[in-house]
Amino acid sequence: MYDAVIFDLDGTLLSTESVSVRGGMSALRSLGQTPEEHLFHLLVGKDDAASRLVLLEHLGAETVEAFMPAWSRECQRIFAEEGIPLRPRVTELLEHLDTTGLPRAIATSSRRDSARTKLKWAGLDGRFSNLVCFEDVDLRKPAPDPYLRAAELLGVDPVRCLAFEDSETGAEAAMRAGMVVVQVPDLLPSDGRFAHHLADDIWQGASKAGLV
């Protein structure tokens, strides 16, 4: 039914979004700011450049310059102390795909060094054929380019791919690439407008899409 499966990383395979919020709020408090969780919800699914624009609008240039490295350090501290948990039933789905031999890749808005580090800490290093990151495309999500590039690297037609996403931004990118889209929301609820299948966990989504 499908020639390949392509996954988003943060919030889809990895439970990193909640840590990002915790780290960001802690970093803001360390700078004497009063953090609002809603601000970090605006960043879900956005790459570094897009997130920076949102933060500049809400915090101002001076605060953002101090905040960005503090945020990164705080997230790294949490990951180092607590590890990076997978989202529910991810291991089950990846083990199933191991038995099928179906090619799979990741299309993420994270930078390559960060993505590789998170995959390693989560125990997923080497589990994917290709990794498309921030640096690999000119246009990022919600543009379809990350997903189109992943399909190209796998040598498959995008319309024959199944994509897994958590955010509206990512689901829109995968749908614009012509893929069948499963959306498993993480921090924020969704009405599924950019998804063919909306699910509570990744295995349920794979089942709805006919993958398992």
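The values are calculated or read from the model by the stated rules, or taken from the named source; none is laboratory data. Since the model is a prediction, treat every value here as computed from it, not as a measurement. Please note: Cβ atoms are built from the backbone with ideal geometry, for glycine as well, and neighbour counts cover all protein chains shown.
Return the total of residues in segment 1-57 being part of a loop (DSSP other than H, G, I, E, B), within 25 Å of Q204 (Cα to Cα) and of a type in the set (A, V, I, L, M). Here the count works out to 4. Would you be able to say whether some residue in segment 8-22 is without any contact (Cβ under 8 Å) to a residue 40 or more places away in the chain, more than 30 Å from H96 (Cα to Cα) and either more than 22 Å from the chain's Cα centre (by Cα) or not assigned by TED's automatic domain parsing to the domain that holds V132 (or both)? No: segment 8-22 contains no residue that is without any contact (Cβ under 8 Å) to a residue 40 or more places away in the chain, more than 30 Å from H96 (Cα to Cα) and either more than 22 Å from the chain's Cα centre (by Cα) or not assigned by TED's automatic domain parsing to the domain that holds V132 (or both). Scanning segment 182-212 for residues that are at positive phi and of a type in the set (S, T, N, Q) yields a total of 0. Hey, can you tell me all the residues within segment 194-212 that are more than 28 Å from R22 (Cα to Cα), in contact (Cβ under 8 Å) with a residue 24 or more places away in the chain and surrounded by fewer than 17 Cβ atoms within 10 Å (Cβ to Cβ)? Listed by number, the residues that qualify are K208, G210, V212. For the criterion of being surrounded by 17 or more Cβ atoms within 10 Å (Cβ to Cβ) and out of contact with any helix residue (DSSP H, G or I) (no Cβ under 9 Å at 6 or more places or on another chain), L43 fails.
Looking across segment 184-212 at every residue that is within 13 Å of D8 (Cα to Cα) and in contact with a Gly (Cβ under 6 Å, 6 or more places away or on another chain), the one that is modelled with the lowest pLDDT is identified as D186.
When segment 175-184 is limited to residues that are under 23 Å from V212 (Cβ atoms) and either surrounded by fewer than 21 Cβ atoms within 10 Å (Cβ to Cβ) or among the hydrophobic types (A, V, I, L, M, F, W, C) (or both), the one that is nearest to the chain's Cα centre (by Cα) turns out to be V184. Inside segment 118-136, residues that are free of Cβ contacts under 8 Å to residues at least 24 places away in the same chain and aliphatic (A, V, I, L, M) make up a count of 0. Going residue by residue through segment 137-151, is there one that turns out to be free of Cβ contacts under 8 Å to residues at least 60 places away in the same chain and of a type in the set (S, T, Y)? Among the residues of segment 137-151, not one is free of Cβ contacts under 8 Å to residues at least 60 places away in the same chain and of a type in the set (S, T, Y), which makes the answer no.
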